[in-house]
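Heads up, the thing below is written out as structure tokens.
The values are calculated or read from the model by the stated rules, or taken from the named source; none is laboratory data. Since we're looking at a predicted model, the values are computed, not measured. Cβ coordinates were reconstructed from backbone atoms using ideal geometry, including for glycine residues, and neighbour counts include every protein chain displayed.
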Amino acid sequence: MTDHPRIPLAAVIGHPIAHSRSPALHNYWLKRYGIKGHYIPIDIVPVDLSRLLRTLPELGFVGCNVTIPHKEAILQIADVVTDRAALIGAANTLIFRKDGKIHADNTDGSGFIANLRQNAPDWKPASGPAVVLGAGGAARAVVAALIEVGVPEIRLANRTRARADAIRQDFGAKIHVHEWVQAPNLLDDAITVINTTSLGMTGKQEFHVPLHRLNPGALCNDLVYTPLKTQFLIEAEERGASVVDGLGMLLHQAAPGFERWFGTRPEVDEAARKAVLAA
Ligand code: NAP
């Protein structure tokens, strides 16, 4: 019998998963680089996660992305967890190693920074405080990344204070926790302002944090990318701030996984953006 080389498979696992833009992106890159491979969405309910995950390598999968609601639970199942994924408390990229071990990493933080570096090259994060709105899973990745690029102070405000306090405990003294209602008062000398809440996302509550005290020299970024231009970004731009949308983070966080699974570092550019927006 001839031993045919296996076509590499990758996936995004979550529940629900139909909304995911990741298949459009990875399949665009596969086509663009002429790589024989496939990337598919797989709906896995939490109770089946551990069992089904272990079967994927046997079926020819080389890795997968992980999304809601599995990003935290996956850390208990993976055999090797990177330091940054452990610190963030969640993983979004898995590599199924040849030795059978599942390697879990979190690329949200590096994707977040790469997006800002690409779209706001003059941004100098170390030159002043950052304000982070929200303290969910994405906020943890954002906070880790901001500390890594030298932000001197991170003002963190979240509706549920306990989640912000937990970030302070895990990430240390650079984090200053404020009450959610105080968010408008943290903005006047902030160099960087990031919305990591789901406010303003299509189908969710509107973004309602007053921006009248926003530093016009700030760089504002919304992690929400549906719609692409959120109310937060529209208002920030009206007040003179620079703005970057959240789609670039989605593209950049995907690139390291694609490279590990399929052997080519993909380009994050306008064509990749268009491929995702068209999906
Ligand atoms: P999460 O863990 O569920 O956190 C949601 C955050 O939104 C929490 O801070 C939550 O506050 C806050 N929030 C929700 N409703 C609110 C309301 N009515 N008023 C005030 N705060 C409210 O979700 P996540 O994973 O961190 O994701 C957050 C957002 O980032 C989502 O929109 C997601 O799509 C986006 N995201 C984008 C990317 C990208 O690549 N661009 C990557 C990851 C995530 P409480 O703690 O009080 O509930």
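One line per residue, one yes/no per condition, for (1) within 15 Å of the ligand (Cβ to nearest atom); (2) buried (at least 20 other Cβ atoms within 10 Å of the Cβ); (3) without any contact (Cβ under 8 Å) to a residue 24 or more places away in the chain; (4) over 16 Å from the mean Cα position of the chain (by Cα):
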| site | (1), (2), (3), (4) |
| --- | --- |
| ALA104 | no, yes, no, no |
| PHE112 | yes, yes, no, no |
| PRO121 | no, no, yes, yes |
| ALA139 | yes, yes, no, no |
| ARG161 | yes, no, yes, yes |
| TRP180 | yes, no, yes, yes |
| ALA183 | yes, yes, no, yes |
- prompt: Within region 189-207, how many residues are near the ligand (Cβ under 8 Å from one of its atoms) and more than 19 Å from the chain's Cα centre (by Cα)?
  reply: 1
Criterion violated by LYS98 - all others in (1) away from the ligand (no atom under 15 Å from the Cβ); (2) surrounded by 23 or more Cβ atoms within 10 Å (Cβ to Cβ); (3) of a type in the set (Lys, Arg) satisfied: (2)
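Among GLY100, GLY89, which is assigned by TED's automatic domain parsing to the domain that holds ALA271 and farther than 30 Å from LEU277 by Cα? Full working, then the answer.
Details: GLY89 fails: farther than 30 Å from LEU277 by Cα.
Going through GLY100, GLY89 in turn, just one is assigned by TED's automatic domain parsing to the domain that holds ALA271 and farther than 30 Å from LEU277 by Cα: GLY100.
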- prompt: Which residues, taken from region 58-95, are assigned to a helix (DSSP H, G or I) and surrounded by 19 or more Cβ atoms within 10 Å (Cβ to Cβ)?
  reply: ILE74, ALA85, ILE88
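Would a scan of region 228-237 turn up a residue that is within 30 Å of ASP105 (Cβ to Cβ), among the β-branched types (Val, Ile, Thr) and in a loop (DSSP other than H, G, I, E, B)?
yes
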message: Which condition from (1) in contact (Cβ under 8 Å) with a residue 24 or more places away in the chain; (2) within 23 Å of ALA85 (Cβ to Cβ); (3) more than 19 Å from the chain's Cα centre (by Cα) is the one that ARG213 breaks?
response: (2)
